[in-house]
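Every number here is computed from the coordinates shown, using simple stated rules; none is lab data. No experiment lies behind these values; they were computed from the predicted model shown. Note that each Cβ is placed from the backbone with ideal geometry, even for glycine, and that neighbours are counted across all protein chains shown.
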Amino acid sequence: MNSYLLIASIITFLLGLVHSVLGEIMILRHLPNVEGFPPIAKSKRLPKWTIRITWHITTILGWAIAIILAYFSQYNPLDNNQLFIIKVLDIAFFASFVVSLIGTRARHPSWIAFLILALLCLRVSIG
């Protein structure tokens with residue numbers, strides 16, 4: 001079993017859970033009170049619902065990545081195709097780390113999780 005990928009899977013799942021729960025509590029529940037969204041299809045609610053839906057789709061995709069990492073954690077060593085996928089996830093986690101760090105000037109703690117995930121995947125991909 002590859003413990004690095006199992007740990008990455010758990011962190012990714014928890015990141016998604018925290019993203020949805022705290023996002024709903026701290027941001028999304030306040031959307032109905034926000035003014036200034038462009039009316040789409042003559043609906044004031046559609047942009048707000050689009051934000052809510054895409055927020056939670058991000059979590060669903062994060063959980064899909066967590067499942068992939070958990071699945072690959074069962075294999076040791078990984079074959080070339082599996083390593084390719086881990087390298088792609090490593091690049092995605094690293095890019096997310098950079099965007100979160102720079103975009104929020106390190107005020108949003110997601111950069112820490114993304115950095116840890118990138119390092120875990122890097123450790124696996126370089127052997």
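Counting only Cβ charges, +1 for Lys and Arg and -1 for Asp and Glu, the dipole size of region 3-126 around its Cα centre is about 540 debye. Axis angle, to the nearest 10 degrees, between helix 80-103 and the longest C-alpha principal axis of the chain: 40 degrees. Structural descriptor for region 3-126: relative contact order 35 percent, calculated from alpha carbon pairs under 8 angstrom and at least 6 residues apart. Taking a virtual spin label 7 Å from the Cα of ALA64 along the C-beta vector, which residues in region 86-123 bring their backbone nitrogen under 17 Å of it? Counting backbone N atoms under 17 Å from the label point, the list is 86, 88-90, 92-93. Local charge for GLY23 was computed over the other residues whose Cβ lies under 15 Å away, with Lys and Arg +1 and Asp and Glu -1, and equals +2. Counted residue by residue at 0.36 nm each, then reduced by the alpha carbon distance between them, the extension gain from ILE27 to ILE91 reaches 20.2 nm.
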